Amino acid sequence: IIHIFFVQSLLIFVILYLYKFLEINIQSSIPNIYINTSVIIFILYTLYQLISSLYEAYDMFYIEEKYGFNNTTLKLFMKDQLLDYIVTTFFVLLTINFLLFLYINLDATFLIYGGIFITVLLILYNIFFVIIFIPLLFKTTPLDNQELIDDITLLADKESFTINQIVTINASER
């Protein structure tokens, strides 16, 4: 545990030093604050993603493989990591720049409007996760158990909830 704490502390120190280094060098070469912030966040998030992916790969291909829990291929792992990186980077950069815009233009009311923005963003994420991201990551198939479909439909009708489709996903390959 002490070793893990030391490594994490060292990484935090390196990232903070890297942040200060990037901030000084990028601010002098890029005058636009939005581009400046985007470049710094992009570099730091890329570094984070690389480190995180190494830990995930070790966990999946060494530890889970050792105990027979790994069903993921290297190709699928890399595809998932790349898709996660692209989508997350896009949304993080948009979010950070919008929050920066609010911070610059709203001063004292930034926390209120920033909090409202983050709350709405989280609600939208939870709504659209099933619609957009699940089909990107998993293969969905219609549920073939009619009795279970009837039970789910009955429960949804009881709660006045509209169901468009009932599908299953096979998450065992991940």
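The values are calculated or read from the model by the stated rules, or taken from the named source; none is laboratory data. Keep in mind that this is a model prediction, so the values were computed, not measured. Positions of Cβ are generated from backbone atoms using ideal geometry, with glycine treated the same way; all protein chains shown enter the neighbour counts. We work out accessible area using only protein heavy atoms, side chains counted, and drop any ligands, DNA or RNA first. Shrake-Rupley method; radii C 1.70, N 1.55, O 1.52, S 1.80 Å.
Based on the Cα coordinates of segment 47-87, what is the per residue volume of their convex hull in Å³?
Cα convex hull per residue, to the nearest whole number: 56 Å³.
With a 1.4 Å probe and all protein chains left in place, how much accessible area per residue does segment 8-148 have, in Å²?
With the other protein chains kept in place, segment 8-148 gives 74 Å² per residue.
Name the residue farthest towards the positive end of the dipole of segment 1-101 from the options N71, F91, N32, assuming +1 on Cβ of Lys and Arg, -1 on Cβ of Asp and Glu, about the Cα centre.
Most positive-ward Cα: N32.
Charges only on Cβ, +1 for Lys and Arg, -1 for Asp and Glu: so what's the dipole of the chain about the Cα centre, in debye to the nearest 20?
Dipole size: approximately 680 debye.
Report, in degrees rounded to the nearest 10, the 0 to 90 angle that the Cα long axis of helix 74-106 makes with the longest principal axis of the chain.
In the chain, helix 74-106 runs at an angle near 60 degrees to the longest axis.
Between N126 and L148, with labels modelled 7 Å along Cα→Cβ, what's the label distance in nm to one decimal, could you check?
2.5
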